[in-house]
């Protein structure tokens with residue numbers, strides 16, 4: 001029984017992590033209609049920036065986290081302006097740019113960070129026991145951070161002028177443009193938010209796993225499965241799908257092993273989309 005309680009706790013952690021990543025991918029697909037294959041690279045940069053500032057320069061970890069989020073969000077802004085703005089509205093070009101950007105980022109990561117994996121010491125040792133299972137304070141923070149970001153993004157999209165503009169642009173770009181809403185501003189905001197979310201996920205996960213320049217590959221593919229399962233462009237659907245896949249991932253690890261779990265995840269998503277091609281929630285994309 002304890003092993004399943006532990007799996008349940010792990011599924012909450014994984015669900016929160018996957019949600020942070022999938023929200024950014026979903027937002028970018030909603031606004032620009034692109035599958036952003038370089039999203040995992042932003043996750044990787046967030047983790048490494050935190051590592052170098054906190055443990056190479058010796059600064060406060062939480063200050064390092066803030067710097068990482070700001071830097072990667074700013075990088076997202078520059079990427080949108082330099083690479084994606086010129087091809088907005090096209091189909092294949094953004095896809096190829098995103099794939100190429102991911103490969104370049106990984107190569108750049110090897111050149112700057114080296115080929116050897118590095119690890120961040122546990123910044124919050126200890127945890128709590130629940131029904132014989134344990135969860136570390138860091139994982140609790142990850143779950144709480146995920147929930148806080150979900151609430152914050154919801155409030156941003158429903159209660160602020162910028163968020164409402166973004167929603168209006170997603171629902172009807174032509175009508176939004178006629179109302180004076182700038183597609184440039186909306187796209188920039190989407191990349192800034194997505195970059196910040198990816199960096200947050202990376203820096204939260206960094207103390208739990210080894211850091212490598214390719215650490216984002218798996219989470220990017222995972223995020224793409226999530227937005228497909230949730231319904232392309234649906235933020236509520238992505239959130240539900242993130243926790244569903246987190247549940248399958250965690251329980252698969254303790255029943256059939258991690259080597260086979262992702263085959264089960266893919267099979268589940270493939271079968272579900274065969275039965276319901278629009279995903280959990282359709283947005284019309």
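The values are calculated or read from the model by the stated rules, or taken from the named source; none is laboratory data. Quick caveat: nothing in here was measured; it's all calculated off a predicted structure. Cβ: placed from backbone, ideal geometry, glycine included. Neighbour counts: every protein chain shown.
Being within 25 Å of residue 170 (Cα to Cα), free of Cβ contacts under 8 Å to residues at least 60 places away in the same chain and touching a helix residue (DSSP H, G or I) at 6+ places or on another chain (Cβ under 6 Å) holds for only one residue in 91, 97, and it is 97. The single condition among (1) within 24 Å of residue 11 (Cβ to Cβ); (2) touching a helix residue (DSSP H, G or I) at 6+ places or on another chain (Cβ under 9 Å); (3) touching a residue at least 60 places away in the same chain (Cβ under 8 Å) that residue 228 does not satisfy is (3).
Criterion applied to 45, 37 was being in contact (Cβ under 8 Å) with a residue 24 or more places away in the chain, buried (at least 17 other Cβ atoms within 10 Å of the Cβ) and not in a helix (DSSP H, G or I), and the one residue passing it is 37. Selection over the range 61-89 of residues that are outside any helix (DSSP H, G or I) and surrounded by 15 or more Cβ atoms within 10 Å (Cβ to Cβ) gives a count of 1. Taking the range 126-140 as the search range and keeping residues that are modelled with pLDDT under 85 and in a helix (DSSP H, G or I), which one is farthest from the chain's Cα centre (by Cα)? Per the criteria, the residue is 137. For the range 136-155, a residue qualifies if it is in contact with a strand residue (DSSP E or B) (Cβ under 9 Å, 6 or more places away or on another chain) and surrounded by fewer than 18 Cβ atoms within 10 Å (Cβ to Cβ), and the qualifying residues are 137, 140.
On the given criteria, is residue 252 exposed (fewer than 13 other Cβ atoms within 10 Å of the Cβ) and assigned to a helix (DSSP H, G or I)? Spelling it out, it is not the case that residue 252 is exposed (fewer than 13 other Cβ atoms within 10 Å of the Cβ) and assigned to a helix (DSSP H, G or I). Checked against the criterion of being assigned to a helix (DSSP H, G or I), modelled with pLDDT under 90, in contact with a strand residue (DSSP E or B) (Cβ under 9 Å, 6 or more places away or on another chain) and within 25 Å of residue 21 (Cβ to Cβ), the range 164-177 contains not a single residue that satisfies it.
Scanning the range 103-125 for residues that are touching a strand residue (DSSP E or B) at 6+ places or on another chain (Cβ under 7 Å) and either exposed (fewer than 12 other Cβ atoms within 10 Å of the Cβ) or outside any loop (DSSP other than H, G, I, E, B) (or both) yields one hit, 118.
Put simply, of 208, 232, 181 the only residue that is closer than 25 Å to residue 276 by Cβ and either at pLDDT 80 or above or outside any helix (DSSP H, G or I) (or both) is 232.
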